[in-house]
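In what follows, a single structure is set out as structure tokens and then discussed.
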Amino acid sequence: AQSVTQLDSQVPVFEEAPVELRCNYSSSVSVYLFWYVQYPNQGLQLLLKYLSGSTLVKGINGFEAEFNKSQTSFHLRKPSVHISDTAEYFCAVSGFSGGYNKLIFGAGTRLAVHP
Amino acid sequence: DAGITQSPRHKVTETGTPVTLRCHQTENHRYMYWYRQDPGHGLRLIHYSYGVKDTDKGEVSDGYSVSRSKTEDFLLTLESATSSQTSVYFCAISDTNDYNSPLHFGNGTRLTVT
């Protein structure tokens, strides 16, 4: 069975500081990993995805994530955050189960960027 | 943004009443999904559809039913709403069933059951 654990429910950070949002996964099969972002009162938007190849994945808005198979992690990073990055971030793992592409989400990490 | 419209955006209803939420897409995608979002749980799949009149259960399907009579519309029905169904409901679509196919989400419906 697959699962996703986001290690921090909330991350406060000052503007222009770096940030890392942590995600660990478990899976018995090949994994496809995603980060989604949810701005207030909106649906989720795809930030980036890891399918195969380079373990460093670059996404939109200056975010990047590193796939680490030995540590079963897929942490999200940004070197300098902006106020507009305040949002909730969801890590997700994809796998095929019961006839459909099953996307398992973590509980989310709320990033609060302060001036 | 993918053309996904959820209606209503907000609804307050009483325990025991039926409620139907609508998802309408203009992308002609084959796969449609209903999720609920609750604090501490992330998003959990309620039901999904892989074509017109083809639906199946997700991980939290008890108390919910769905219908898809047209490619563009996917309805979620709570036959008799309970307070535990107070949540934010999201519709999502995808054009394939591949492992690497991302989902595109609507803006959600906030349902309160009193």
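None of B:Thr26, B:Thr17, B:Thr86 is at pLDDT 95 or above, closer than 30 Å to A:Asp8 by Cα and polar (S, T, N, Q) except B:Thr86.
The listed residues are A:Ser3, A:Ser73, A:Ser9, A:Ser52, and the only one of them that is modelled with pLDDT under 90 and either within 11 Å of the chain's Cα centre (by Cα) or within 23 Å of B:Leu43 (Cβ to Cβ) (or both) turns out to be A:Ser3. So, of the residues in segment B:66-97 that are part of a strand (DSSP E or B) and farther than 24 Å from B:Glu27 by Cβ, which turns out to be farthest from the other protein chains (Cβ to nearest Cβ)? The extreme case among them is B:Leu78. Exactly one residue out of B:Asp54, B:Asp95, B:Asp62, B:Asp38 is within 30 Å of A:Val29 (Cα to Cα), more than 15 Å from the chain's Cα centre (by Cα) and among the charged types (D, E, K, R), and it is B:Asp95.
Starting from residues that are within 11 Å of chain A (Cβ to nearest Cβ) and in a loop (DSSP other than H, G, I, E, B), keep the ones in segment B:7-62 and report whichever is surrounded by the most Cβ atoms within 10 Å (Cβ to Cβ). In this case the residue turns out to be B:Gly58. Residue under question is A:Leu111, and the condition is that it be of a type outside the set (Phe, Trp, Tyr) and under 19 Å from B:Gly42 (Cα atoms); does it hold? Taking the combined requirement at face value, the residue satisfies it.
Among the residues of this structure, A:Ser84 does not count as one that is in contact with a strand residue (DSSP E or B) (Cβ under 7 Å, 6 or more places away or on another chain) and either hydroxyl-bearing (Ser, Thr, Tyr) or within 13 Å of chain B (Cβ to nearest Cβ) (or both).
Scan segment A:12-49 for residues that are loosely packed, with under 13 Cβ neighbours inside 10 Å and modelled with pLDDT under 95 and the total you get is 5. Beta carbons closer than 7 Å, at least 6 apart along the sequence or on distinct chains, pair a first residue in segment A:26-49 that is part of a loop (DSSP other than H, G, I, E, B) with a second that is among the hydroxyl-bearing types (Ser, Thr, Tyr) for A:Val31/A:Tyr25. Summed over segment B:98-113, the residues that are in a strand (DSSP E or B) and either under 11 Å from the mean Cα position of the chain (by Cα) or over 18 Å from B:Arg44 (Cα atoms) (or both) give a count of 3. When A:Gly106, A:Gly62 are checked against the criterion of being surrounded by 21 or more Cβ atoms within 10 Å (Cβ to Cβ), at pLDDT 90 or above and over 20 Å from B:Asp95 (Cβ atoms), a single residue qualifies: A:Gly106.
Among the residues of segment A:73-86, the ones that are polar (S, T, N, Q), outside any strand (DSSP E or B) and surrounded by 15 or more Cβ atoms within 10 Å (Cβ to Cβ) come to 1 in all.
The values are calculated or read from the model by the stated rules, or taken from the named source; none is laboratory data. Quantities reported herein were computed from a predicted structural model and do not represent experimental measurements. Every residue, glycine as well, gets a Cβ built from its backbone with ideal geometry; the counts of neighbours run over all protein chains shown.
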